[in-house]
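Note sheet for the following structure.
The values are calculated or read from the model by the stated rules, or taken from the named source; none is laboratory data. Since the model is a prediction, treat every value here as computed from it, not as a measurement. With ideal geometry, Cβ positions are generated from the backbone for all residues, glycine too; neighbour counts draw on all protein chains shown. Protein only, heavy atoms only, side chains kept; ligands, DNA and RNA dropped before computing areas. Shrake-Rupley method; radii C 1.70, N 1.55, O 1.52, S 1.80 Å.
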Amino acid sequence: MRHWRRALVLAVSALALAETAQAQDSTQQPQATSAKDAVQTFEPAFFARFNPITAEDMVRQLPGFSLDEGADLRGFGATAGNVLIDGQRPSSKTSLRDELGRIAAGSVLRIELIRASAAGDLDVRGYTELANVVLKPATGMQVSTTFAATTRWYEQGRVGAQIGGTRAWKTDNFGFRLALQGTNLGEREEVAATLRNSLGATVRTQNEFYQQQAGEFLITGAANWTPSPRDTWNANFRILPRLFTNNAAGSIRLPNGTNVGAISSDYEEKDVLYVDLGGDYEHKFDGQNAVKLINVNRLVNWRPQQVITQNVLGLPRADQIDNSDNRAGEHVVRGVWTTRPDNQHTIETALEGAYNYRRVDRQSLAGPIGGPFAPQAVAVASTKVEEDRIEASINDVWRMSQQITLEAGFNYEASTISQTITQPASPDIEREFTYSKPHFVATWLPNAEDQWRLSIVRDVSQLDFGDFATGLPTIGNAAANVGNPFLEPEQSWKTSLQWKRPLGPRGSLSITGFYDDIEDTQDFINAQDIVQIGIDRGTPVTVPPFCVTPAFTASFCSAVGNIGDGKRWGARIEATLPLDAVGIGGGLLKLNVGAQDSEVTDPETLETRHISSEQEFDWLAEFRQDVTSLKFAWGGKVNNVGPVPYDRADRLELTEPKDPNVDLFVETTALLGGLLVRVTAANLLDVERETDRQYVVSGLDEFRSSAMGRNVTLTVAGAF
């Protein structure tokens, strides 16, 4: 309840301060705004007070604009974000933030906020507003460099570091960018757990720690070539070798404090390598027709190895050893034809083909500490999942007038998912799917300030092939999910309505409501249901009846599965509010408050409940004040999220933070010859995350409280 009050107060404050900001800036006009074409232009001078180093720093400060990297949907065309670079979308699945973070702020000529009604032949892709980062033209060879070095001190006495830089070369028709980044960061989580029986009496207590360490060396590159005004080539690559370890241990005590033993886990990922390679070619036949070919390739290799040791009084002293060899890949080819038959319509037709796969080869051994060890049966342990998919689409952006823009489209996809299970041996499983995905987006500008957006979209979620194979058990999360070879994509009709209004040149206010009607809702199911599904479909799958966890709690196994129809609804308020009117010169407050609810019928109890893994609400208040005369800025943020339910087959679980998270920062460009120096103190309240688990079979109740600790980060960044 206390969290709901905070969220409500923030929402009311956003609306109240919006009135103040509107009154303050009512006589000011947004920078270089044309009411006729609805394009708002921001020159570099607008961002100077924020000391930007990269284009990403600039985009974050656009008034009323939130960077959207695109939804995790099926198909490359459906995952586009709301930022363009020189009018084009990056032809890769690399994070938009990363792409922008490798462009020096000094290379940016201007940034445009473009409403759909003025987008022309730009790729709107369902958005009513786009940010277009326009880069400076080059008449000769121009070279730019950005760099950032970060050191982080953790409360437990550990130190981490990250250093990286980007070098860019550009001429009038060619550009190349190379970025290198090295990372060595780690986090430590400490957990106190108490297990009680059905009468509320304490059965045992357990203190745990989890020490993660990640080392990475990231190499990225991008090239573009414009041999003629009608032809453009782009290419990009990413190589990421990585090391990751997670060492965990827990000491177990009786209610009187007697130590009765310990459990530990050593987890390591070996031979981790990510490789991305992609590009595109565009040819413009004339001012009305263009064709674009896009290719995306992604390969991932990693070999998890884990040893869990149980040494507890009254139980067998045992080791469990898990070794896994995993590979995954994605290959996409997409062709797009864009035509403008007149000034009102932009029509895009596309054809896309994709091949995705994931291979898991896992071996599990168990025995007394030190051996000998015997192989253990694990459901869906060694398997390969493959998907062939083809999708055709047509989309029309119709600018009916300066006030109304309609976007309507239709996608049709056909796919085949096949799975081979070699351990334990099972018949091959092959399934075919077809989906129709229409969408409709309408934007209405009744005046120069207000904007209304109505969206009705048929979505099909992207499948995580990791859910098709059984995962590894952990100390703190009980049994792993069993692989489900019958998992199907979740589909939904998503409807949203948004109202948005600028508040002077630096502010904005938007209110959004949404409703989702869901089919084949993805949630947790009892793994035994997989057996019945296999029998019904004539493809039997072996699943063990029980899982025994290192925490010696016998329970049902869970799997990710489909549990029928569901619904989801909610609302969000976003506000960017200048604070000059309340006496804080150069101050800016950003508020983001969202709440949602959901409903689905539990397949076991047949009762209505929330959809698992979805938080009830979240809120964020972010403050920044720039003192330009001193080349100094300071601020911070406070944020929190609501409880997240997990209705697993073996337990009912609810997780939520105990208190809000608080971060503070100070930054200046006056200390090191114009370099940006920033100090951030994070998680100042050392927030504890509380988890309550009620086990179905044993009737035990486990309460867990975990904390990550405070940390301080020093960043030095610059460009030349």
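In region 194-227, what residues are open to solvent by 40 Å² or more (accessible area, probe 1.4 Å) and among the charged types (D, E, K, R)? 196, 216, listed by residue number. Number of residues in region 666-710 that are more than 25 Å from residue 154 (Cβ to Cβ) and in contact with a Phe, Trp or Tyr (Cβ under 9 Å, 6 or more places away or on another chain) equals 8. From the list 457, 397, 380, 441, the one residue that fits, being closer than 17 Å to residue 559 by Cβ and among the hydrophobic types (A, V, I, L, M, F, W, C), is 380. A search for C-beta distances below 6 Å between a residue of region 390-404 that is in contact (Cβ under 8 Å) with a residue 24 or more places away in the chain and any residue that is assigned to a strand (DSSP E or B) and open to solvent by less than 20 Å² (accessible area, probe 1.4 Å), counting only pairs 6+ apart in sequence or on different chains, returns 391/352; 391/413; 393/350; 395/409; 397/346; 397/407; 399/405. Checked against (1) within 24 Å of residue 374 (Cα to Cα); (2) crowded, with 16+ Cβ neighbours inside 10 Å, residue 317 meets all criteria but (2). Taking first residues from region 133-158 that are among the hydroxyl-bearing types (Ser, Thr, Tyr) and partners that are part of a loop (DSSP other than H, G, I, E, B) and modelled with pLDDT of 90 or more, the Cβ contacts under 8 Å between residues at least 6 apart in sequence or on separate chains come to 154/709; 154/710. Taken over region 165-179, the residue count meeting the criterion of being part of a strand (DSSP E or B) and in contact with a Ser or Thr (Cβ under 8 Å, 6 or more places away or on another chain) is 9. Is it the case that region 248-261 has a residue that's of a type in the set (Ser, Thr, Tyr), part of a loop (DSSP other than H, G, I, E, B) and either over 30 Å from residue 161 (Cα atoms) or without any contact (Cβ under 8 Å) to a residue 12 or more places away in the chain (or both)? Yes, the conditions are met somewhere in region 248-261. Within region 274-297, identify whether any single residue is under 30 Å from residue 378 (Cα atoms), open to solvent by 50 Å² or more (accessible area, probe 1.4 Å) and of a type in the set (D, E, K, R), and answer yes or no. No; the residues of region 274-297 include none that is under 30 Å from residue 378 (Cα atoms), open to solvent by 50 Å² or more (accessible area, probe 1.4 Å) and of a type in the set (D, E, K, R). Among the residues of region 298-314, the one identified as touching a Lys or Arg at 6+ places or on another chain (Cβ under 8 Å), buried (at least 16 other Cβ atoms within 10 Å of the Cβ) and aliphatic (A, V, I, L, M) is 300.
Go through region 628-687 and report how many residues are touching a Pro at 6+ places or on another chain (Cβ under 6 Å) and open to solvent by 60 Å² or more (accessible area, probe 1.4 Å).
The qualifying residues number 1.
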